[in-house]
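Peer 1: Dropping a structure here in structure tokens format, bear with me for questions.
The values are calculated or read from the model by the stated rules, or taken from the named source; none is laboratory data. Everything numeric in this text was worked out from a predicted model, so none of it was measured. Every residue, glycine as well, gets a Cβ built from its backbone with ideal geometry; the counts of neighbours run over all protein chains shown.
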Amino acid sequence: MATKYGAYAGKVMYVDLTTKTYKEYPVNDNDRKLFIGGKVLAARIIHDFVKGPMDPFSPENPIVITTCPLNGTPCPSSARFNVSTISPLTNLLTSSNCGGSFGAQLKKAGLDALIIVGKSEDFIYLDVSEDGIEFKDAEFLRGLTTGAAQELLPKKAGKFVIGPAGENLVKYACVVSDERAAGRGGVGAVFGSKNLKGVIADGKSMAPRYDQDKLTKLVRKWTKDITAHPLTGSQLPKLGTAGLLSTMQQKNLLATKNFKEGQYEGFRDICGEELAEKYLIKNKGCRSCPIQCGRVVEVNGKQVKGPEVEIMGLMGANILNNDLQKIIQWNYELDELGMDTISASGTIAFAMELNEKGIWDSGLEFGKIDNISQVIDDIAYRCGEVADQLANGSRWLSEKYGGKDFCMNAKGMELSAYQPRAAVGQGLGYAVSNRGGCHLNGGYLVVLEGLGLSIDQYTPFGKAALTVMFQDVMESVSAGGNCLFTTYAFFPPFLLNKPNWWLTRLVNKVFPYLGPVIGVANKHSKALKVNISSMLPQPLGITHATGIKMTMGSMMALGARGYNLERLINLRLGLDPKTDTLPKRLSKVLQDPDNKKSKVPIEKMVKQYYKARGWNKDGTIKKRTLKYFNILDLDDISKRPLEEQGERNIIPPKPKKDKKPKAAKKDAPDKAKSANADAKPTNAAPKKPLTEEEKQKRIEEALARKKAKEQANAEKKE
Amino acid sequence: MEENNLVTVEFFGLYRLAYKKACVKVEAKNIEELFQKLYEMDDVHTPKELRNSIVLLNGKNIMELRKFKTKLKPNDNVVIMSPASGG
Ligand code: SF4
């Protein structure tokens, strides 16, 4: 099915693993225009499949992998693709985005999205190319870690694989592409339930962009703005997300001892500065990203991806551990075994508190770290009774053993490392986020409440409307394919560089009072027909890449469309709006006994949020909201006939004047090179492929490991 | 005899990378003087530049106290952080 828009491959494929067949799914240009891509387009597709509650491990549960229009373009930080499915952790819709090379490769193979349903009888992986989709035997990959499995797959292809945790249906298993993970919500377990080790994609054809000249010009300015911004140009490249930890400590935001407190006295040993000084080898990041926030560190003599702030907080302060070397090690192990670092850490902390209170003895104790590696490994293989239960997540444990008041999850998903009692807007975000206790899907208001700006951390005033706005902006930016860090351009540099200036302090003071005005803008976003490229360049990027005219207003409407549609799907799946809440520790117990505001007034805030969203008091969505965002009475895409969508109308690039090639600047920053990494072929030496002998050795090692685990499991059962 | 006003200064964020140290002891009567002394010691950031940092005295932001005129006592803990975090 062709498309008239640029940057889209123009085809979505539906794969049935049970029958090992595939066919085109008739997504059309109207869908592209309204839902753009990524998690929003995925929600549009999943809407066809969800008629009521669904067992996440049933063959009917679709995995929808969507690319975004900016994937594969030279736009900065635009490699993020998405995977959505019904989560085994929450039984609701989950969407997880990932910065590995798979997204751009899937598009090069001719697909905008891949829908996977059914269950394969044998253990397989999918091989997608311009010639079609092959169902290939994956027995040789069984039991392999995410790194080893990717090494054994064809070198050139984009890869997306699960590790042992996904194969063993750990409810928070992730899927990994390169070293980047689609981490949250247990997507990896859904792959495992379908007997699917992974998907690889390889192709050469990249869809032309609508207006290459304008796009190139925008990319130049955009990249310059990113590298000049204090957060994306300096803080993130130098310290990574890990740089947040000391700020969290100073602002009482560092979840400590299963969120009992907001500060940890051992934080100096586990902060980002320590990581940068003692462990950082170099920066690394997703394709086409000038920020390169990833850290490369060493584990057992091997250079690997370093930890993000979430695991540093959750496997540090939250379990009373101040050994950073261990956190680096566990982070690597979790990635290799294919598990979400946040949920795994949160579950472990909860088990520690259950143990401390004498409720369930799992052998896990606050401050005791010598058994954690073993526990992580056991969880991935569900080895032994304790690990088998930990593999189900913290909510499952609280249902079995009790302790719901201090089980740090929302809708079954473990919270990230930000203590919400000192950032009540972030608390609201955790409670209402569509995918459960996620800091990003929740609107990430903690950036306003202490990490970037310093608006009143404890007031609920205005926070509902701000949450809606930030959720919508992030939703739409994800749909376009950009990393969420590109939204930092939203904050003018002076607000961040000059925190003590009277104007900055004034902005911090009045920001919550903008809530009502922002609330009006949220509800009538389509009227905002402007673009300010220094604040939100993403809509212009989409316009130039695709030809779909976007403004700041249509971008916000896109986000709201996605957010409401996801809510609609969740309601169909049986979401009880009463679960838009937080555990009592966060909403009823003061974090600081001397500060009466240091808890999240969640009931009141949720009511304000429903109103700000245009929802009914019972948490369902008003018809007029659905209508305004064009999602009332959506048809079933699968029932449409396949039809041609029209001719492409791409503006051809102007012929280039012959220029003498400039001598490369000796000290040109790496960032500039990486910004265009996607657009140009590189001369980097290819990685040496594994020899047959090496491959065989890997397989034997994996099999031996699997056997040993099975034996250990049997012994533990005895 | 004049009281010895030795305070502990801790650096975080980009300032820690710039100063190449986590902590230093400085004798100063107030924040303004502390900035000047730090500049004389290390020549990394001028007092004017340091006015754009986040400064906490025993956990409290000096902007909620007497700003740069905030007085220091012996054994006070001063945290100086680079302004922007984000992540
Ligand atoms: S900022 Fe970090 S996470 Fe985002 S695209 Fe760049 S490297 Fe990836």
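Peer 1: Could you tell me which of the residues B:Met63, B:Met41, B:Met81 is at pLDDT below 95, within 12 Å of chain A (Cβ to nearest Cβ) and more than 10 Å from the chain's Cα centre (by Cα)?
Peer 2: Details: B:Met41 fails: within 12 Å of chain A (Cβ to nearest Cβ); B:Met81 fails: more than 10 Å from the chain's Cα centre (by Cα).
Of B:Met63, B:Met41, B:Met81, the one residue that is at pLDDT below 95, within 12 Å of chain A (Cβ to nearest Cβ) and more than 10 Å from the chain's Cα centre (by Cα) is B:Met63.
Peer 1: Report the residue count in the stretch A:140-173 for those that are farther than 21 Å from A:Thr85 by Cβ and either part of a loop (DSSP other than H, G, I, E, B) or within 17 Å of the chain's Cα centre (by Cα) (or both).
Peer 2: Matching residues across the stretch A:140-173 total 9.
Peer 1: Could you tell me which residue of the stretch B:44-60 is nearest to the other protein chains (Cβ to nearest Cβ), considering only residues that are polar (S, T, N, Q) and surrounded by fewer than 16 Cβ atoms within 10 Å (Cβ to Cβ)? Can you show your working first?
Peer 2: Taking the stretch B:44-60 first, the residues polar (S, T, N, Q) are B:46, B:52-53, B:58.
Subset that is surrounded by fewer than 16 Cβ atoms within 10 Å (Cβ to Cβ): B:46, B:58.
Details: B:Thr46: 15, B:Asn58: 12 Å.
Among them, the one singled out is B:Asn58.
Peer 1: Here's another thing I want to ask about it. For the subset of the stretch A:496-529 comprising residues that are within 14 Å of chain B (Cβ to nearest Cβ) and surrounded by 21 or more Cβ atoms within 10 Å (Cβ to Cβ), which member is nearest to the ligand (Cβ to nearest atom)?
Peer 2: Applying the first criterion (within 14 Å of chain B (Cβ to nearest Cβ)) to the stretch A:496-529 yields A:496-509.
So of that shortlist, the ones also surrounded by 21 or more Cβ atoms within 10 Å (Cβ to Cβ) come out as A:496, A:499.
On the way: A:Leu496: 16, A:Pro499: 23 Å.
It comes out as A:Leu496.
Peer 1: If only one of A:Ala207, A:Ala201 is touching a Phe, Trp or Tyr at 6+ places or on another chain (Cβ under 9 Å), at pLDDT 95 or above and more than 12 Å from the ligand (Cβ to nearest atom), which one is it?
Peer 2: A:Ala201
Peer 1: So which of A:Phe490, A:Phe485 ends up being within 10 Å of another protein chain (Cβ to nearest Cβ) and within 26 Å of A:Pro76 (Cα to Cα)? Don't jump to the end; show me each part of the working.
Peer 2: Numbers: A:Phe490 fails: within 10 Å of another protein chain (Cβ to nearest Cβ).
None of the others qualify; the one that does is A:Phe485.
Peer 1: Would you mind finding the one in B:Phe11, B:Phe35 that is surrounded by 15 or more Cβ atoms within 10 Å (Cβ to Cβ), within 14 Å of another protein chain (Cβ to nearest Cβ) and either in contact (Cβ under 8 Å) with a residue 40 or more places away in the chain or of a type in the set (Lys, Arg) (or both)?
Peer 2: Of B:Phe11, B:Phe35, the one residue that is surrounded by 15 or more Cβ atoms within 10 Å (Cβ to Cβ), within 14 Å of another protein chain (Cβ to nearest Cβ) and either in contact (Cβ under 8 Å) with a residue 40 or more places away in the chain or of a type in the set (Lys, Arg) (or both) is B:Phe11.
Peer 1: Applying the selection to the stretch A:623-641, what residues are under 18 Å from A:Asn564 (Cβ atoms) and of a type in the set (Lys, Arg)?
Peer 2: Residues satisfying the conditions are A:Lys623, A:Arg624, A:Lys627.
Peer 1: If you don't mind, there's one more thing I want to ask. For residues in the stretch A:174-218 being buried (at least 24 other Cβ atoms within 10 Å of the Cβ) and part of a helix (DSSP H, G or I), which is nearest to the chain's Cα centre (by Cα)?
Peer 2: For the stretch A:174-218, the residue satisfying everything is A:Val187.
Peer 1: Tell me which residues, restricted to the stretch A:477-494, are away from the ligand (no atom under 16 Å from the Cβ) and either touching a Leu at 6+ places or on another chain (Cβ under 8 Å) or among the β-branched types (Val, Ile, Thr) (or both).
Peer 2: Residue satisfying the conditions is A:Phe494 alone.
Peer 1: Just to be sure before I move on: is B:Lys29 within 12 Å of chain A (Cβ to nearest Cβ), surrounded by fewer than 18 Cβ atoms within 10 Å (Cβ to Cβ) and among the basic types (Lys, Arg) in the structure I sent? Let's see the steps before the verdict.
Peer 2: Working: within 12 Å of chain A (Cβ to nearest Cβ): no; surrounded by fewer than 18 Cβ atoms within 10 Å (Cβ to Cβ): yes; among the basic types (Lys, Arg): yes.
No, not satisfied.
Peer 1: Can you report the number of residues in the stretch A:90-139 which are more than 16 Å from the ligand (Cβ to nearest atom), outside any strand (DSSP E or B) and under 26 Å from the mean Cα position of the chain (by Cα)?
Peer 2: Qualifying residue count for the region: 13.
Peer 1: Suppose the filter is among the hydrophobic types (A, V, I, L, M, F, W, C), within 30 Å of A:Thr581 (Cβ to Cβ) and more than 14 Å from chain B (Cβ to nearest Cβ); does A:Ala380 pass it?
Peer 2: It is false that A:Ala380 is among the hydrophobic types (A, V, I, L, M, F, W, C), within 30 Å of A:Thr581 (Cβ to Cβ) and more than 14 Å from chain B (Cβ to nearest Cβ).
Peer 1: Can you name the number of the only condition in (1) over 14 Å from A:Ala431 (Cα atoms); (2) at pLDDT 95 or above that A:Thr581 fails?
Peer 2: Of (1) over 14 Å from A:Ala431 (Cα atoms); (2) at pLDDT 95 or above, only one is false for A:Thr581: (1).
Peer 1: Go over the candidates A:Gly412, A:Gly402 one by one and state the one that is more than 16 Å from the ligand (Cβ to nearest atom) and crowded, with 23+ Cβ neighbours inside 10 Å. Explain how you work it out, then say what you get.
Peer 2: On the way: A:Gly402 fails: crowded, with 23+ Cβ neighbours inside 10 Å.
Just one listed residue meets the conditions, A:Gly412.
Peer 1: State the number of residues belonging to the stretch A:231-247 that are near the ligand (Cβ under 9 Å from one of its atoms) and of a type in the set (A, V, I, L, M, F, W, C).
Peer 2: Qualifying residue count, the stretch A:231-247: 1.
Peer 1: Okay, next question. Check the stretch A:509-524 and report whether any residue there is under 28 Å from A:Lys221 (Cβ atoms), assigned to a helix (DSSP H, G or I) and among the small types (Gly, Ala, Ser).
Peer 2: There is at least one residue in the stretch A:509-524 that is under 28 Å from A:Lys221 (Cβ atoms), assigned to a helix (DSSP H, G or I) and among the small types (Gly, Ala, Ser).
Peer 1: Taking helices (runs of 4 or more DSSP H) that do not extend beyond the stretch A:525-594, which have at least 2 residues that are without any contact (Cβ under 8 Å) to a residue 40 or more places away in the chain? Outline the logic, then answer.
Peer 2: On the way: elements: A:538-546, A:552-572, A:584-587.
The helices (runs of 4 or more DSSP H) meeting that bar are A:552-572.
Peer 1: Within the stretch A:297-346, track down each residue that is more than 14 Å from chain B (Cβ to nearest Cβ), in a helix (DSSP H, G or I), out of contact with any strand residue (DSSP E or B) (no Cβ under 7 Å at 6 or more places or on another chain) and among the acidic types (Asp, Glu).
Peer 2: A:Glu333, A:Glu336
Peer 1: I need a count of the residues in the stretch A:419-464 that are part of a helix (DSSP H, G or I) and small (Gly, Ala, Ser).
Peer 2: Here is the first cut: in the stretch A:419-464, the residues part of a helix (DSSP H, G or I) are A:420-422, A:424-432, A:445-447, A:463-464.
In the following step, the residues that additionally are small (Gly, Ala, Ser) were identified as A:422, A:425, A:427, A:429, A:431, A:464.
Residues flagged as part of a helix (DSSP H, G or I) and small (Gly, Ala, Ser) within the stretch A:419-464 amount to 6.
Peer 1: Have a look at A:Lys39, A:Lys23, A:Lys33 and point out the one that is within 16 Å of the ligand (Cβ to nearest atom), out of contact with any Leu (no Cβ under 8 Å at 6 or more places or on another chain) and not in a loop (DSSP other than H, G, I, E, B).
Peer 2: Values: A:Lys23 fails: within 16 Å of the ligand (Cβ to nearest atom); A:Lys33 fails: within 16 Å of the ligand (Cβ to nearest atom).
Only one candidate qualifies: A:Lys39.
Peer 1: For the stretch A:261-275, does any single residue satisfy the condition of being aliphatic (A, V, I, L, M) and in a helix (DSSP H, G or I)? Before you say what the answer is, go through the steps one by one.
Peer 2: The initial filter retains those residues of the stretch A:261-275 that are aliphatic (A, V, I, L, M), namely A:270, A:275.
Imposing the further condition that a residue be in a helix (DSSP H, G or I) reduces the set to A:270, A:275.
Yes: one or more hits.
Peer 1: Let me ask something else. Name the pairs: first residue in the stretch A:472-488 and in the same structural domain as A:Val447 (by TED's automatic domain parsing) and in a helix (DSSP H, G or I), second residue among the basic types (Lys, Arg) and within 13 Å of the ligand (Cβ to nearest atom), Cβ to Cβ under 7 Å, at least 6 apart or on different chains?
Peer 2: Taking only residues 6 or more apart or on different chains, the pairs are A:Ser478/A:Arg80.
This table checks each residue for (1) within 16 Å of the ligand (Cβ to nearest atom); (2) touching a residue at least 12 places away in the same chain (Cβ under 8 Å); (3) touching a Gly at 6+ places or on another chain (Cβ under 7 Å).
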position	(1), (2), (3)
A:Val176	yes, yes, yes
A:Ala181	yes, yes, no
A:Gln212	no, yes, no
A:Ala255	no, yes, yes
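Peer 1: Among (1) within 24 Å of A:Leu453 (Cβ to Cβ); (2) in contact (Cβ under 8 Å) with a residue 60 or more places away in the chain; (3) more than 10 Å from chain B (Cβ to nearest Cβ), which single condition is A:Tyr264 missing?
Peer 2: (2)
Peer 1: Pull up the stretch A:226-247, narrow it to residues that are buried (at least 22 other Cβ atoms within 10 Å of the Cβ) and aliphatic (A, V, I, L, M), then point me to the one that is farthest from the other protein chains (Cβ to nearest Cβ).
Peer 2: Top of the filtered list is A:Ile226.
Peer 1: Test A:Gly553 against the criterion of being within 30 Å of A:Asp211 (Cα to Cα) and either away from every other protein chain (no Cβ under 14 Å) or surrounded by fewer than 19 Cβ atoms within 10 Å (Cβ to Cβ) (or both), and give yes or no. Reasoning before the result, please.
Peer 2: On the way: within 30 Å of A:Asp211 (Cα to Cα): yes; either away from every other protein chain (no Cβ under 14 Å) or surrounded by fewer than 19 Cβ atoms within 10 Å (Cβ to Cβ) (or both): yes.
Criteria met by A:Gly553.
Yes/no per residue for (1) under 22 Å from B:Lys21 (Cα atoms); (2) within 16 Å of the ligand (Cβ to nearest atom):
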| site | (1), (2) |
| --- | --- |
| A:Leu280 | yes, yes |
| A:Gly294 | no, yes |
| A:Lys302 | no, no |
| A:Glu308 | no, yes |
| A:Gly313 | no, no |
| A:Gly316 | no, no |
| A:Leu320 | no, no |
| A:Ile328 | no, no |
| A:Glu333 | no, no |
